[in-house]
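We did not get these values from a lab; they are worked out from the coordinates using the rules stated. Bear in mind the structure is a predicted one, so any value in this text is a computation, not a measurement. So basically every Cβ, Gly included, is an ideal-geometry build from the backbone, and we count neighbours across all protein chains shown.
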C-alpha cells in the first residue's frame with residue numbers, strides 16, 4: 001500500500017502492539033495490513049472465477065464495508081465525544097475520514113458538494129491502491145471504493161445512494177472520480193455489469209447526462 005507501516009504505539013485511528021503483533025482499529029476491532037499484491041490477486045481471481053459479475057461483487061462488498069465503517073465511526077464519536085456522527089458537521093467528519101483513509105493506504109479523497117443542487121455528489125480519489133495495482137486496462141476498476149463511498153454516504157445522508165466511477169487512472173484518466181446520486185437514478189449495478197464499456201456506452205445505458213445536469217464527468 002502507499003501508506004507507511006504503523007509504528008509502535010497509538011494514533012487517532014489505530015493502535016499497534018508490536019510485541020504481540022496485534023493492531024486494532026479506533027473501534028477496538030482487530031486490524032490487518034493488506035498489500036497491493038493482495039488487491040491485485042483478489043481482483044484477478046474474481047475476474048477468473050466469476051466473469052461478468054466480479055465488479056458487482058466487489059461493489060456490494062464495498063457497500064457493506066462503508067455501512068459498517070459508518071456505524072463504527074458513530075460508536076467511536078459517541079464514546080469519545082458524547083455525540084454521534086449526525087451531530088458532527090459533514091465536512092468535519094469527511095475530513096477526519098479522509099485522513100484515516102489516506103493513513104491506511106486507501107488513497108486521498110475529497111468530496112465536491114457544489115453539484116448537490118443537481119442531486120449528485122462528486123468524490124475525487126488520488127493514489128488509489130486498486131487502480132495502482134491493476135495498472136492501465138482501459139476501464140474503471142475501483143468498484144470496491146465506489147461501493148464504500150455509496151454505503152458510507154447512504155448511512156450519513158439517511159438516503160439510499162449509489163456510485164459509479166466516471167474517471168479512473170486505470171482507464172487513462174488523471175484521477176479517479178465517482179458520482180453519487182439517488183440509487184433509483186444512478187443505477188450502479190447496471191454500470192458495474194457493463195464491465196468496462198466505453199463512457200459513451202455507459203452514458204447511454206444509464207442516462208448519466210440527465211442525472212448530471214451540470215455536466216460533471
Everything considered on the Cα gyration tensor (a ≥ b ≥ c; rounded for a/c under 1.5, else prolate if a/b is larger than b/c, else oblate), region 12-144 must be described as oblate
I need the peptides 52-63, 87-98, 116-127, 144-155 ranked by packing, meaning the mean over residues of other C-beta atoms within 10 angstrom, with the highest value on top.
144-155, 52-63, 116-127, 87-98
Please work out whether region 113-192 counts as rounded, prolate or oblate from its C-alpha gyration tensor, where a ≥ b ≥ c are the square roots of the eigenvalues and a/c under 1.5 means rounded, while otherwise a/b larger than b/c means prolate and anything else oblate?
prolate
Virtual spin-label span in nm between residue 18 and residue 65, 7 Å along Cα→Cβ
2.8
Sort 77-86, 170-179 for me by packing, meaning the mean count of neighbouring Cβ atoms within 10 Å per residue, highest on top.
170-179, 77-86
What whole-number distance in Å separates the alpha-carbon centres of region 15-41 and region 85-100?
23
When 40, 156 are ranked with the fewest other C-beta atoms within 10 Å first, the list becomes 40, 156
Quick shape check on region 65-131: root eigenvalues a ≥ b ≥ c of the Cα gyration tensor, a/c under 1.5 is rounded, otherwise prolate if a/b tops b/c, else oblate, and it reads oblate
What FRET efficiency would be calculated for the residue pair residue 34, residue 116, taking the C-beta separation as r and a Förster radius of 30 Å, to the nearest 0.05?
0.35
